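All remarks here apply to the structure that follows.
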Amino acid sequence: MTDSTMRALVVEQLGGPEVLQLRDVPVPQPGAGQVRVKVEAVGINFADVLAVRGEYLTRTRLPMTPGMEFAGSVDALGEGVMGFSVGQRVAVLGGVGGLAEFAVVPAGALLPVPESLSAPEAAAFPVSYLTAFFALSTLGYSRAGEWVVVQAAAGALGTASVQLAKSMGLNVIALASSDEKLQVARDLGADVTFTSDTADLVDRVREATGGRGANLVLEVVGGKGFQGSLDMLAPRGRVIVIGAASREPSTLRPVELMKRNLTVTGLWLTSLMQDPEAAREAVAFLTPLLASGQVRPQVGPTYALAETGQAFEDLLGRRTTGKVIIEPQR
Ligand code: NDP
């Protein structure tokens, strides 16, 4: 890099890891209301991988530099930006362009970072913990003592959900594809764990909950297992549909919900964060838990910018636990 250029990943066509091109591009200049961030760590989400493949909820606009969640320090302020100073440590949610040495984002996308968090931990926090908060609290209405089933419990969202659920006094049943992954969930306090291919999973969940069933299921896999998520619910139980990592369709027959008064609710973090009141409530709830160390973002495998394709493959190939991190400065 020279003073005016930087390394960035550029995507010009949709596809797999081969479409991620490492280029030298101009360092972006912040306009009015924008901030330039020196990017130290980027959290890679399932959504980033799907967006580059053209399989996400929204249409991917090209060319683009992926990276919606990252952490670093304020490098330059655009006109009219108040409340931030150069050098301040920040996390960013909802920007794009994180997979670069520098990124320009609206000042409204910045979140303060508790001193106690490293840059990778700060990058591992926004998407997973805010989603977990909305799923358990705002949309899930969970109360202490209830039972929640967390799928893909060793993943980025899963580890955040297990920790947050325990901090809220919930009983956690963790599901994952291997016992090594379940150990990650147990280490974070999961009360009961089952591999997700357990043949009589619905019966086992019922047994674990004293015969009643779970109050809440955080559904992130979808496909043929979705029926099981409904079947394992207690009367008045809730399924929060957060993802479909299986990329298979789920079938729902609404009349089936009537008999036990079940609820199925969709959750998309992007639209929830557009409600400033809801966003403030979530950040206010999470900040002290993070600052005190009561919840700790789980940093998973860490890669250099040039290795991002491998990171995408490892995430999609179910080989990772915690949050996959890219460090653009190394
Ligand atoms: P994770 O770190 O959880 O990785 C994905 C995990 O999904 C895998 O490790 C794997 O865990 C599980 N999985 C199950 N089936 C498959 C499959 N067929 N292919 C790949 N993975 C599979 O990723 P994220 O935390 O980024 O995301 C988890 C889920 O939550 C995704 O569905 C994502 O889209 C969703 N999400 C949605 C948000 C929203 O706003 N709605 C926000 C954040 C995440 P295992 O091997 O244990 O099964």
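The values are calculated or read from the model by the stated rules, or taken from the named source; none is laboratory data. Predicted model, so just to flag it, every value in this text is computed and none were measured. Cβ placement follows ideal geometry from the backbone for every residue including glycine, while neighbour counts extend to all protein chains displayed.
Please find, within the range 39-74, the residue that is nearest to the ligand (Cβ to nearest atom) out of those that are β-branched (V, I, T) and farther than 15 Å from A103 by Cβ. Going through the qualifying residues, I end up with V49. Of all the criteria given as (1) touching a strand residue (DSSP E or B) at 6+ places or on another chain (Cβ under 6 Å); (2) assigned to a loop (DSSP other than H, G, I, E, B); (3) of a type in the set (A, V, I, L, M, F, W, C), the one not satisfied by A245 is (1). Selection within the range 171-200: residues that are assigned to a loop (DSSP other than H, G, I, E, B), in contact (Cβ under 8 Å) with a residue 40 or more places away in the chain and in contact with a strand residue (DSSP E or B) (Cβ under 6 Å, 6 or more places away or on another chain). The member of this set that is farthest from the ligand (Cβ to nearest atom) is A190. Filtered by the rule that a residue be within 15 Å of the ligand (Cβ to nearest atom) and basic (K, R), the range 286-330 gives R318, R319, K323. Going by what's in this entry, would L230 be described as surrounded by 19 or more Cβ atoms within 10 Å (Cβ to Cβ), within 30 Å of R206 (Cα to Cα) and more than 11 Å from the ligand (Cβ to nearest atom)? When the stated conditions are applied, L230 passes them. Would you say A176 is in contact with a Gly (Cβ under 8 Å, 6 or more places away or on another chain), crowded, with 17+ Cβ neighbours inside 10 Å and modelled with pLDDT of 95 or more? In short, yes. Select, from V239, V221, the only residue that is within 14 Å of the ligand (Cβ to nearest atom), touching a residue at least 40 places away in the same chain (Cβ under 8 Å), closer than 19 Å to S161 by Cα and not in a helix (DSSP H, G or I). Only one candidate qualifies: V221.
crowded, with 21+ Cβ neighbours inside 10 Å, assigned by TED's automatic domain parsing to the domain that holds A306 and under 25 Å from R318 (Cα atoms) - does that describe any residue in the range 76-91? No, there is no match, as no residue in the range 76-91 is crowded, with 21+ Cβ neighbours inside 10 Å, assigned by TED's automatic domain parsing to the domain that holds A306 and under 25 Å from R318 (Cα atoms).
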